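S.K.: Can you keep this structure in mind? I'll have questions shortly.
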Amino acid sequence: NDPTSPNPKHKKLDSVLTQWLAKKFKWTSYFEENQQVVSIPLNATKSVPLSDVCKLDIKYLGGTRIEVKLYGHGKLVHTVTHTLPQNDRLVIAGDDKNDSAWFIAFKLLAPDSK
């Protein structure tokens, strides 16, 4: 709930996603580590680095289904397979220090969107 992030590289998140998160979680301030748009062909897997210690493997299963594997410090932490209708969100989250948390949010975009 601090008004600024302890990491000066973080950008304050002020968007539709912020409003969505605030309705579901207790925090009032959200900060962005990075944002990426990833194009994945059918049945292919794309590795997406999120930070120095965290990466995702995202597999497009067809239609609106994805499989996400989250790795922390090189170890598999979590796997989720999810149907993700357009304009809906999938959020993977976990506790962090100082009564804070981390979130990874996914949104399926139309092929011509960014």
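The values are calculated or read from the model by the stated rules, or taken from the named source; none is laboratory data. Predicted model, so just to flag it, every value in this text is computed and none were measured. As a convention, Cβ positions derive from the backbone with ideal geometry for all residues, glycine included, and neighbour counts pool all protein chains shown. Calculation scope for accessible area: heavy atoms of the full protein, side chains included, ligands and nucleic acids excluded. Shrake-Rupley method; radii C 1.70, N 1.55, O 1.52, S 1.80 Å.
S.K.: Under a 1.4 Å probe, what is the accessible area of the chain per residue, stated in Å²?
M.R.: Numbers: 8030 Å² over 114 residues.
On a per-residue basis, 70 Å².
S.K.: If you take all C-alpha pairs in segment 55-99, what percent of them are over 15 Å apart? It would help to have the intermediate numbers written out before the result.
M.R.: On the way: 503 of 990 pairs.
Here the tail beyond 15 Å accounts for 51 percent of pairs.
S.K.: A follow-up question, please. Give the aspartates and glutamates reachable from K46 as a straight Cα distance under 13 Å; neighbours fewer than 8 places away on the same chain don't count.
M.R.: D57, E67
S.K.: Related question: Between Rg and the Kirkwood Rh of the chain, both from Cα atoms, what is the Rg to Rh ratio?
M.R.: Numbers: Rg = 14.6 Å, Rh = 15.3 Å.
Here Rg/Rh amounts to 0.95.
S.K.: For the pair L61 and T45, how long in nm is the line joining their label points, each one 7 Å along Cα→Cβ?
M.R.: In this crude label model, L61 to T45 measures out at 1.4 nm.
S.K.: In whole percent, how big is the carbon plus sulfur part of the accessible area of the chain, probe 1.4 Å, protein atoms only?
M.R.: C and S atoms contribute 50 percent here.
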